[in-house]
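The values are calculated or read from the model by the stated rules, or taken from the named source; none is laboratory data. Since this is a predicted model, take the numbers as computed values, not measurements. Note that we place each Cβ from the backbone using ideal geometry, even for glycine, and neighbour counts take in every protein chain shown.
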Amino acid sequence: MAFWFNSDRERGLVFAEAFARDLPDLPFAMDISEYDPDEIRYILTWTAPPDLYRFRNLEVVFSIGAGVDQFKPGTLPPGAILVRMVEDGIVRMMQEYVTLAVLALHRKLKAYIGQQADAAWLPLPVRQAAQQRIGILGLGMLAQAVMERLKPFGFPLAAWSRSERQVDGVDCYHGSDGLTPFLARTDILICLLPLTQGTHGLLDARLFATLPAGAALVHVGRGAQLDHDALIAALDEGHLSGAFIDVTEPEPLPPEHGFWRHPKIILTPHVASVTQPETAARAVIDNIKRHRDGLDPIGLVDRDRGY
Ligand code: NDP
């Protein structure tokens with residue numbers, strides 16, 4: 001029985017040390033050529049390696065990221081379960097990034113950077129936080145953690161999920177019927193949805209038109225959820241006031257893409273949150289212990305649902 005770490009060597013060395021300390025009976029493989037494929041029970045990877053089916057005794061595929069849309073249908077052996085990364089490092093970084101983005105949009109940072117370049121000393125109107133309504137698409141691990149950070153500023157908070165949920169201090173909406181009223185009360189929209197058939201292309205012209213005039217977008221879900229042309233049109237027409245974008249399709253964007261130099265867009269290269277090896281190793285080791293005890297791992301993916 002062995003564990004295969006199929007990712008970068010730098011993080012692998014941190015994992016190897018944690019496994020040697022906390023799970024010494026489980027061989028830790030970074031060079032798979034030294035192992036009989038039948039020995040491999042666990043894999044940590046970003047995507048499904050093309051020859052995954054040769055690991056006939058594979059029980060668990062751990063995604064090194066919080067998202068699992070990169071595992072295309074049919075690429076995982078039916079007998080193996082898929083587990084997404086649920087670890088404190090990802091959560092904290094996402095809290096930082098979304099707070100940064102919301103405050104930048106709330107306080108018009110991009111406009112002031114533009115004005116500085118033009119040597120223009122020009123105060124712009126500012127709303128109180130209590131008048132800036134935040135709405136999060138998604139009400140999962142990351143969205144809930146982000147809302148905890150945004151609450152103390154006094155922003156009115158709402159969220160939209162697939163199934164009905166209740167969270168203290170958050171107006172909760174769900175399902176297709178809940179989307180329009182949720183959007184209509186949202187000034188800064190944050191997308192923290194997994195990429196599935198149900199969320200592909202969701203951020204489109206119709207959705208932007210449903211937001212109030214002057215609304216802004218923070219996109220940290222997945223690139224394929226966003227219609228780029230529709231966003232640029234909504235910004236250029238003035239219906240949307242700004243966007244903070246971390247994920248695009250494709251990544252990276254081509255040099256001539258309209259997002260790069262758009263005066264109302266702040267673009268980052270998919271860095272909102274990155275798996276931190278120290279905390280991730282702890283999470284994976286705990287999950288292997290749970291699996292050995294016959295318990296479901298934390299972050300078990302429902303492969304039919306897609307997240
Ligand atoms: P979770 O699985 O914990 O939560 C997903 C949420 O989305 C749930 O509330 C779920 O609803 C909701 N949802 C899913 N499908 C739909 C739908 N069709 N309609 C309405 N709501 C839906 O995910 P996480 O919070 O851990 O992560 C969310 C995503 O963030 C990841 O999948 C990944 O794409 C992205 N991410 C981006 C990173 C970056 O650096 N930019 C880093 C890490 C993650 P319900 O509660 O009803 O199940």
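Tabulated data for the structure shown
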quantity	calculated
Residues of the range 78-116 satisfying the condition of being at pLDDT 95 or above, more than 16 Å from the ligand (Cβ to nearest atom) and not in a helix (DSSP H, G or I)	Ala80, Arg107, Lys108
Residues of the range 279-303 satisfying the condition of being closer than 13 Å to Ile64 by Cα and either exposed (fewer than 15 other Cβ atoms within 10 Å of the Cβ) or small (Gly, Ala, Ser) (or both)	Ala280, Ala281, Ala283, Gly299
Wholly within the range 1-77, strands (runs of 3 or more DSSP E) carrying at least 1 residues that are among the charged types (D, E, K, R), surrounded by fewer than 14 Cβ atoms within 10 Å (Cβ to Cβ) and over 22 Å from the mean Cα position of the chain (by Cα)	none
Residue count for the range 253-271, restricted to those that are aromatic (Phe, Trp, Tyr) and touching a residue at least 60 places away in the same chain (Cβ under 8 Å)	0
Test: residue in the range 231-249 that is farther than 30 Å from Pro24 by Cα, polar (S, T, N, Q) and either in contact with a Phe, Trp or Tyr (Cβ under 8 Å, 6 or more places away or on another chain) or assigned by TED's automatic domain parsing to the domain that holds Asp187 (or both)	yes
In the range 272-303, the residues that are touching a residue at least 12 places away in the same chain (Cβ under 8 Å) and part of a loop (DSSP other than H, G, I, E, B)	Ala272, Ser273, Val274, Thr275, Gln276, Pro297, Ile298, Gly299, Val301, Arg303
Of residues in the range 248-307 being within 11 Å of the ligand (Cβ to nearest atom), polar (S, T, N, Q) and within 20 Å of Gly89 (Cα to Cα), the one farthest from the chain's Cα centre (by Cα)	Thr268
Options Gly221, Gly306, Gly238; residue that is without any contact (Cβ under 8 Å) to a residue 40 or more places away in the chain and in a loop (DSSP other than H, G, I, E, B)	Gly238
Residue pairs meeting the criteria (Cβ under 6 Å; at least 6 apart or on separate chains; first within 16 Å of Ala143 (Cβ to Cβ), in the range 175-190; second of a type in the set (Ser, Thr, Tyr))	Phe182/Tyr173; Leu183/Thr210
Test for Leu231: is it crowded, with 17+ Cβ neighbours inside 10 Å, over 16 Å from Cys191 (Cα atoms) and among the aliphatic types (A, V, I, L, M)	no
Odd one out for Ala216, checked against (1) within 16 Å of the ligand (Cβ to nearest atom); (2) touching an Asp or Glu at 6+ places or on another chain (Cβ under 8 Å); (3) assigned to a strand (DSSP E or B); (4) not charged (D, E, K, R)	(1)
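Yes/no matrix, rows are residues, columns are (1) among the aromatic types (Phe, Trp, Tyr); (2) farther than 29 Å from Lys151 by Cα; (3) in the same structural domain as His200 (by TED's automatic domain parsing):
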{"site": "Glu10", "(1), (2), (3)": "no, yes, no"}
{"site": "Asp25", "(1), (2), (3)": "no, yes, no"}
{"site": "Asp69", "(1), (2), (3)": "no, yes, no"}
{"site": "Pro73", "(1), (2), (3)": "no, yes, no"}
{"site": "Glu96", "(1), (2), (3)": "no, no, yes"}
{"site": "Thr99", "(1), (2), (3)": "no, no, yes"}
{"site": "Gln115", "(1), (2), (3)": "no, yes, yes"}
